[in-house]
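Have a look at the structure below before the remarks.
The values are calculated or read from the model by the stated rules, or taken from the named source; none is laboratory data. As the structure is a prediction and not an experimental result, all values here were calculated from the model. We place every Cβ from the backbone using ideal geometry, glycine too, and count neighbours over all the protein chains shown. Ligands, DNA and RNA are stripped out before the accessible areas are found, and what is left, the full protein with its side chains, is counted by its heavy atoms. Shrake-Rupley method; radii C 1.70, N 1.55, O 1.52, S 1.80 Å.
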Amino acid sequence: MKLLDGKKLSEKIKEEVKKDIEKLQKEHGITPGLAVVLVGDDPASHTYVKMKERACKEVGIYSIVHQMPSSISQKEIEETILMMNKNPNIDGILVQLPLPKHIDTTKILELIAPSKDVDGFHPYNFGRLLQGLETFAPCTPLGVMELLKEYEIDVKGLDACVVGASNIVGKPMAALLLNSFATVDICHIYTKDLKSHTKKADLLVVGVGKPGLITEDMVKDGAIVVDIGINRLENGKLVGDVDFENVSKKASYITPVPGGVGPMTIAMLLKNTLKAAYKRIDS
Ligand code: GUN
């Protein structure tokens with residue numbers, strides 16, 4: 001069994017992004033800018049946003065966080081987005097999800113200029129992703145693809161199973177795998193017999209948020225296992241959706257949690273922000 005080390009790869013990517021930003025500043029006087037909208041006081045969202053801010057600082061991306069109380073109105077968030085769409089110093093806009101219940105999330109995400117949609121959540125970009133066109137792909141699934149590439153795992157022709165069908169993770173993950181010619185099975189909460197799907201997968205990608213969902217008996221011998229879940233247990237320990245201890249004995253490759261997909265998500269956000277900033281050169 002080999003570990004798919006996302007922490008190590010994310011550090012390498014950050015170094016590359018940092019060098020590219022230095023070059024962009026020197027040759028074009030451009031400093032990439034990322035605006036983050038953070039609404040409410042969900043502790044996990046605050047932690048993620050702090051990590052994103054820190055990573056931006058490390059590589060030389062200018063970042064600004066618009067922090068708003070959970071009582072904020074739809075209109076006020078919309079006005080903030082529209083303002084950032086127009087701001088020439090901002091290349092990427094990210095709305096940390098989830099938003100409070102009274103907010104129409106779809107409407108907010110649809111307001112982000114597709115050219116600044118570094119999270120790849122706008123339906124325009126998602127449609128392009130499905131069609132295999134150049135676009136911003138969501139950071140977590142994009143990070144999974146980068147991790148597989150780093151370990152020279154070619155997904156072409158593999159039987160892949162994606163467990164979880166969210167707009168942020170499962171659906172774009174399935175699209176990216178399909179674009180790379182894997183045969184993709186997508187499972188979700190109404191899947192009748194999860195094990196019958198996971199068991200035949202050469203590549204199993206799980207992003208549900210249920211600790212211990214994937215047990216050793218559900219995994220094919222020699223499978224590549226990617227765990228996107230991040231769950232904090234009552235004892236404070238961070239675990240994924242896969243029973244790592246037992247599944248790792250069967251897998252050919254497996255991601256650890258923490259240190260697998262998590263750091264890759266942030267590395268891809270930096271990469272997408274840099275990509276958005278390059279658009280300034282031609283405009
Ligand atoms: N909430 C959970 N994951 C994510 C993510 O990748 N991006 C944003 N914006 N919000 C999230």
When you go through ASN125, ASN167 one by one, which is the residue that is out of contact with any helix residue (DSSP H, G or I) (no Cβ under 6 Å at 6 or more places or on another chain) and within 16 Å of the ligand (Cβ to nearest atom)? ASN167
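Okay, residues lined up against (1) of a type outside the set (Val, Ile, Thr); (2) modelled with pLDDT of 95 or more; (3) open to solvent by 60 Å² or more (accessible area, probe 1.4 Å):
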| residue | (1), (2), (3) |
| --- | --- |
| VAL184 | no, yes, no |
| LYS200 | yes, yes, yes |
| MET218 | yes, yes, no |
| ILE228 | no, yes, no |
Within segment 149-162, identify whether any single residue is in contact with a Ser or Thr (Cβ under 9 Å, 6 or more places away or on another chain), open to solvent by less than 40 Å² (accessible area, probe 1.4 Å), within 16 Å of the ligand (Cβ to nearest atom) and assigned to a loop (DSSP other than H, G, I, E, B), and answer yes or no. no
So, in segment 243-268, of the ones that are polar (S, T, N, Q) and part of a loop (DSSP other than H, G, I, E, B), which residue ends up surrounded by the fewest Cβ atoms within 10 Å (Cβ to Cβ)? SER252
Mind telling me which of the residues SER63, SER10 ends up being over 22 Å from ASP282 (Cα atoms), touching a Lys or Arg at 6+ places or on another chain (Cβ under 8 Å) and within 15 Å of the ligand (Cβ to nearest atom)? SER63
From THR135, THR140, residue being open to solvent by less than 40 Å² (accessible area, probe 1.4 Å), over 13 Å from ILE77 (Cβ atoms), of a type outside the set (D, E, K, R) and within 11 Å of the ligand (Cβ to nearest atom): THR140
Consider ILE189 against the criteria (1) open to solvent by 10 Å² or more (accessible area, probe 1.4 Å); (2) in contact with a Gly (Cβ under 8 Å, 6 or more places away or on another chain): it satisfies all of them except one. Which criterion is unmet? (2)
For segment 202-211, indicate whether the set of residues that are farther than 29 Å from ASP119 by Cβ, open to solvent by 60 Å² or more (accessible area, probe 1.4 Å), part of a loop (DSSP other than H, G, I, E, B) and of a type in the set (Lys, Arg) is non-empty. no
Sort out which residues of segment 108-119 are farther than 30 Å from GLU22 by Cβ and either assigned to a loop (DSSP other than H, G, I, E, B) or open to solvent by less than 40 Å² (accessible area, probe 1.4 Å) (or both), and write them in order of number. ILE108, LEU109
